[in-house]
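In what follows, a single structure is set out as structure tokens and then discussed.
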Amino acid sequence: MDIADRDLGSYVAEAQRVVAESIDLPAGYSLSWSGQYEYMVRARERLSVVGPVTLAVIVLLLFLNFGRFAEVAMIMGTLPLALVGGFWLLFVLGYDLSVAVGVGFIALAGVAVEIGVVMLVYLDQAIRRQSHAAAAEGRELGRDDVHKAIIEGALLRIRPIIMTVAATIGGLLPIMFGGGTGSEVMRRIAAPMVGGMVSATVLTLIVIPALYLLWRVPRRPDPG
């Protein structure tokens, strides 16, 4: 049975509902749904385990790297925003959610977390440099110092992040527009990453520095 203009999972779910409503099986008879749907169900069950395990590993590695839950929460809390571009590109291309799309989103989440970590590491380093400079002048770190440090650290990461995003998208575009055996599956893996890299870049360069500023700015007023 071949289907068109809809995803396999929803078609089989509707077919199962219609069959259940229309057919009363005699005793000793049973129905099974086989083919690609059977493989899709198995892969979905694996993804239901792999997805949470992947997120748990990411959280653990982030905590081991930063040692503070605030920065871990900053990255993980903004991670859904990094995936928005992937959903938009899927909508534009007319792709349905599938196992291949799920794999693409898992890969996108890894890359988005990676560039977010790079940004936070440089922001931390800029804050430490500014803190040492303020201590050398015999004063505490103030709001202006934090703001200056965040701008300095974010500017240092613009070129590397843009290069990473450009290299990722450039490597995936041949898959997006390629043909041949397996191209349908590969395009659905690549599509979330291509679209998501755009929103992940905006998130990393704008949203994360802003959140970092809100977190690190001193709550007390600057003297004078």
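Coordinate-derived values only; no laboratory data. Bear in mind that the values here come from a model prediction, so they are computed numbers and not experimental data. Cβ placement follows ideal geometry from the backbone for every residue including glycine, while neighbour counts extend to all protein chains displayed.
Some notes on this structure:
- Expressed in units of 2.2 N^0.38 Å, where N is the residue count, the Cα radius of gyration of the chain is 1.38.
- If R0 is 35 Å, the Cβ-Cβ spacing of residue 163 and residue 1 corresponds to a FRET efficiency of close to 0.15.
- Value of relative contact order over the chain, rounded to a whole percent, pairs C-alpha under 8 Å and six or more apart: 28 percent
- Highest mean packing first, where packing is the average number of other Cβ atoms within 10 Å per residue, the peptides 55-68, 191-204, 80-93, 152-165 line up as 191-204, 80-93, 152-165, 55-68.
- The ranking of 42, 188 by Cβ neighbour count inside 10 Å, starting from the fewest, reads 42, 188.
- Averaged over residues, the count of other Cβ atoms within 10 Å places the peptides 32-39, 205-212 in the sequence 205-212, 32-39, highest first.
- Charge dipole of the stretch 49-141 (Cα centre as origin; +1 on each Lys and Arg Cβ, -1 on each Asp and Glu Cβ, all else neutral): 140 debye, rounded to the nearest 20.
- Cα-centred dipole magnitude for the chain, charges only on beta-carbon of K, R (+1) and D, E (-1), debye, nearest 20: 860 debye
- Taking each DSSP H run with n ≥ 4 as -39500 (n - 2.57) and averaging over every residue of the chain yields -26500 deg cm²/dmol at 222 nm.
- Chain lengthening between residue 155 and residue 31 when straightened (0.36 nm per residue, less Cα-Cα): 38.5 nm
- Phi to ³J(HN,Hα) by Karplus 6.51 cos²θ - 1.76 cosθ + 1.60 over the stretch 197-202, Hz, x for Gly, Pro: 5, 5, 5, 5, 5, 4
- Listed peptides 22-28, 145-151 by packing density, highest first (mean Cβ within 10 Å): 145-151, 22-28
- Once the C-beta distance of residue 214 and residue 129 is scaled by a Förster radius of 25 Å, the resulting FRET efficiency is 0.75 to the nearest 0.05.
- 3J(HN,Hα) from dihedral phi, the stretch 58-67, Karplus parametrisation 6.51/-1.76/1.60, rounded to Hz, x for glycine, proline: 4, 4, 4, 5, 5, 5, 5, 6, 9, x
- Farthest towards the positive end of the charge dipole of the stretch 47-186, among the residues 110, 92, 135, is the Cα of 135, using unit charges on the Cβ of Lys, Arg, Asp and Glu.
- Farthest toward positive dipole pole in the chain [+1 Lys/Arg, -1 Asp/Glu at C-beta], among 194, 206, 56: 206
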